[in-house]
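**Q** Take a look at the following structure, please.
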Amino acid sequence: MNTKLTLRLDKDLIKKAKIYASKRDKSVSALVADFFSMLHVEEKTEIESIPPKVASLKGILKDQKITEKDYKKYLEEKYL
């Protein structure tokens, strides 16, 4: 079911959008719909792009008091 959406945009931006849409044989509404569809795909891709092992580590240090200084000290000890 299609529902109407009203957008308030600058006149020049609307003009550019209409020209862009016309060159692609689409309506501005179709461009907006495509854009919103891509947002969902990008969000889903970001979540799925994390390898399972990394995802399992997410949040593991949440309550730890580790600073950037601690990390630099660790790297110095490891590599120097």
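**Q** Quick one: would you say LYS4 is at pLDDT below 95 and either more than 24 Å from the chain's Cα centre (by Cα) or not in a helix (DSSP H, G or I) (or both)?
**A** On the way: at pLDDT below 95: yes; either more than 24 Å from the chain's Cα centre (by Cα) or not in a helix (DSSP H, G or I) (or both): yes.
So LYS4 fits the description; yes.
**Q** Could you tell me how many of the residues in the stretch 53-69 are assigned to a loop (DSSP other than H, G, I, E, B) and either touching a residue at least 60 places away in the same chain (Cβ under 8 Å) or polar (S, T, N, Q) (or both)?
**A** 2
**Q** Which residues, counting only those in the stretch 7-34, are over 25 Å from the mean Cα position of the chain (by Cα) and of a type outside the set (Lys, Arg)?
**A** ASP12, ILE19, SER22, ASP25 - these are the residues of the stretch 7-34 that are over 25 Å from the mean Cα position of the chain (by Cα) and of a type outside the set (Lys, Arg).
The values are calculated or read from the model by the stated rules, or taken from the named source; none is laboratory data. If you're wondering where the values come from, they're calculated on a predicted model, not measured in any experiment. Using ideal geometry, Cβ is built from the backbone for each residue, glycine included, and neighbour counts are taken over all protein chains shown.
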